[in-house]
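To start, the structure under review is shown below, and the notes come after it.
The values are calculated or read from the model by the stated rules, or taken from the named source; none is laboratory data. Since we're looking at a predicted model, the values are computed, not measured. Cβ sites come from the backbone with ideal geometry, for glycine too, and all protein chains shown count toward neighbours. Just the protein is used for accessible areas: all its heavy atoms, side chains included, with ligands, DNA and RNA removed. Shrake-Rupley method; radii C 1.70, N 1.55, O 1.52, S 1.80 Å.
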Amino acid sequence: MNRRMKEKYLKIFIPLLVGLIFILLIWVGYKLIFGKKLSFLETIDKSIYADINYDAIYGIHLNFKGSFVLPDNYHDMKLVLANGKDEIEIPIEVKEKDGKREFVTSNFINKGINLEYLPVGTYYLLIKASTNENNKEVDKYFSVTNKTDYDNLEYYTLTKNGKNNKIDIEWNTYEEYPTLRFTVKETSLPSDVYDITIDPGHGGVDTGAIGYLDGTEYHESNLNLTVSLALKKILEERGYKVAITRSTDENIEIYEKGGSAVLANETKSKFNFALHHNSFDYQAEELNGLEVYVASDIEFDFANLLIENIIKETGTQISPKEIYQTVPGIYQRYFSEDDILEDEVQPSNKTTSMIYYYNIRELGGISTHSTNDGRYKDINGYPANPYNKANVTTEPYLLELGYVNNEENLKLIVGNEEKYALGIANAIEKYLETSF
Ligand SMILES: [Zn+2]
């Protein structure tokens, strides 16, 4: 080869070779990234689908209800999040009804799939079942179809070491087949998204309960605010982003922007703590101590941790009050027949199976049977709750920290507000460490 030919050869052949290798690398990369996922979904049996009839995120948990007609030759029906590589089994309760298998992830609204612990990745919600093919047990997958009134869901995990995951739960993302895809990506919180909301009860002209100690008058509204600000500070020191309905002694509207019944959902907070102090009727028995008001259909893990940790830090006790008490310290106050007759008292549309306190009922959307659609605005003055039909909501708790018209109890409260706050903050920490 002479020099000119050699130069020509290098000028044409080498770039051509580099180009071909480059194209090959892109093709191999594409196959590695997308090849597996496509081939996995290709293997799914697309002749039948499970119906998802209900989906709701309440606090940190996602719940599904659905049904599936499992073919005769199949057994061991499971619900999984899978992508062909990783597989997470989701525990379900199944019962047979009209030839269908009805399944639910949990009968408790604050259980089900804990979104905090879903690893980064892409998954599809699928039914997995086994069948016998040529004397061999084989697993088959079936997809799910949307029979709810809702579309895609979005969730941000609580801030941990300054980081969050965003979870997009989206319907029908693969060709023409019904699917439900979970995409978990690391992100940081957008400016309008928070971890936790605190709602110091009352304020301004509404002082709430009143008590006296050594000639000084104490207002519930101020005690609520002191504990709330202390709690906000502790949680922020622990890395959480915290929203609060008021930081000063002011009266706020319940359903207006930033109000007690909406802020937690506006900020996509995972938990809402309405902080209150109590008073008893002087004609009735003298009361003192702690009462935790909760939603219906919940598991009491977190409520018990609140009680345990507040008592540990403050030395208070569980209230002896029996009315509305479900188990010691935990209260579920439902609308009574009398409440229902008085439409002025609360936004209406109510039944005796609904929780009385708007701080619990209205904040949970469909999970807690929120009632206020604004139809009685002219009577009770309450505009509609914008999250009345929401299926992604906060998990709310209403804490009555003690009785301000009980002198002994007030002595324990005044000056110890930070201890009450610490008890609540520690309960949050313990709950997140132990809940799955
Ligand atoms: Zn109160």
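For segment 188-243, the Kirkwood estimate of the hydrodynamic radius, built from every pair of different alpha carbons, is 12.9 Å.
Assuming charge only on the beta carbon of Lys and Arg (+1) and of Asp and Glu (-1), the dipole of the chain about its Cα centre is about 3620 debye to the nearest 20.
With N residues in segment 43-187, what two-decimal value do you get for its Cα radius of gyration over 2.2 N^0.38 Å?
Normalised by 2.2 N^0.38 Å, the Cα Rg of segment 43-187 equals 1.06.
Lysine pair count for segment 115-179 (Cα-Cα distance under 30 Å; residues 8 or more apart in sequence or on different chains): 6. With both labels modelled 7 Å from their Cα along Cα-to-Cβ, the N152 to W27 distance reads 3.3 nm.
Of the residues S260, Y282, S296, the one whose Cα sits farthest toward the positive end of the charge dipole of segment 254-378, with +1 on the Cβ of Lys and Arg and -1 on the Cβ of Asp and Glu, is S260. In this Cβ point-charge picture (+1 for Lys and Arg, -1 for Asp and Glu), segment 43-187 has a dipole of about 340 debye about its Cα centre.
Three semi-axes describe the equivalent ellipsoid of segment 214-276; taken as square roots of 5 times the Cα gyration tensor eigenvalues and ordered largest first, they are 22, 17, 8 Å.
Of all the accessible heavy-atom surface of segment 230-321, with the other protein chains kept in place and a 1.4 Å probe, what percent is carbon and sulfur?
It is 43 percent, rounded to a whole number.
Counting only protein heavy atoms and using a 1.4 Å probe, the accessible area of D149 comes to about 150 Å².
Dimensions of segment 1-129 based on its C-alpha atoms, expressed as ranges along the principal axes with the largest first, amount to 85, 38, 19 Å.
Can you check how the C-alpha radius of gyration of segment 279-436 compares to 2.2 N^0.38 Å, as a plain ratio?
That ratio works out to 1.13.
For segment 140-194, the equivalent ellipsoid derived from the alpha-carbon gyration tensor has semi-axes of 28, 13, 9 Å in decreasing order. Over segment 390-436, the reciprocal of the mean inverse Cα-Cα separation, the Kirkwood hydrodynamic radius, stands at 13.0 Å.
If you sort E89, E291, E176, E417 by accessible surface, 1.4 Å probe, largest first, the order is E176, E89, E417, E291. Over segment 361-436, what percent of the accessible surface lies on carbon and sulfur atoms, probe 1.4 Å? Answer for segment 361-436: carbon and sulfur cover 49 percent of the accessible area. So how far, in whole Å, is the C-alpha centre of segment 156-181 from the one of segment 413-431? What the calculation gives is 33 Å, centre to centre.
Taking every protein chain into account, the accessible area of the chain amounts to 49 square angstrom per residue (probe 1.4 Å). Calculated translational diffusion coefficient of segment 122-222 (20 °C, 1.002 mPa s; Stokes-Einstein with Kirkwood radius over alpha-carbon pairs) equals 113 µm²/s. Taking only the C-alpha atoms of the chain, the Rg (one decimal) and the largest Cα-Cα distance, Dmax (whole number), read 27.7, 115 Å.
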